[in-house]
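Any read-out appearing in this document is the output of simple, stated calculations on the displayed coordinates, not a laboratory observation. Because the structure is predicted, anything quoted here is derived from the model rather than measured. Cβ placement follows ideal geometry from the backbone for every residue including glycine, while neighbour counts extend to all protein chains displayed.
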């Protein structure tokens, strides 16, 4: 089990334990609501919310080819979640590197942030930008290719 799943698992287990206690005391409806809330928090804090992560070397290679930004992130980071959610569908047009799964990615982030693993750190054209505004990130995306172009 990696660090990325520790917080979601703990949230899920806490939700189950509290819900079981509430059901034992005769409050099944509030227990169900509370359990759904805890499981929702676990889902939001899990790696499932993010597009599939790749290694830092693969992300940099792809970025050099297609010009897309590389976002270094980690599960449980509220700033990473905010960036992901606010990017919406555009999040699929960015290369994501989970620094808890890729030691090379963590080293890149530390090198860019004075030894700190501050995320999200976004690399555009090889230059790091720590916790940038979502509109700035969106502006760094290359134009999406249209299937039906005017001739």
Sorting check: for 25-37, 89-101, which peptide has the highest mean count of neighbouring beta carbons within 10 Å, and how do the rest follow? 89-101, 25-37
DSSP-defined beta bridges in the chain - what % are antiparallel, rounded to 5: 65
For the range 11-151: Kirkwood Rh in Å [reciprocal of mean 1/r, alpha carbons]: 16.8
With only helices counted (DSSP H, runs n ≥ 4, each -39500 (n - 2.57)), the per-residue ellipticity at 222 nm for the chain, to the nearest 500, works out to -15500 deg cm²/dmol
For residue 85 paired with residue 39, estimate the spin-label separation in nm (one decimal), with each label point 7 Å from Cα along the Cα-to-Cβ line. 2.0
Cα gyration tensor, the range 3-48 - rounded (a/c under 1.5), prolate or oblate: oblate
What nm distance separates the two modelled labels at residue 117 and residue 138, each placed 7 Å from Cα along Cα→Cβ? 3.0
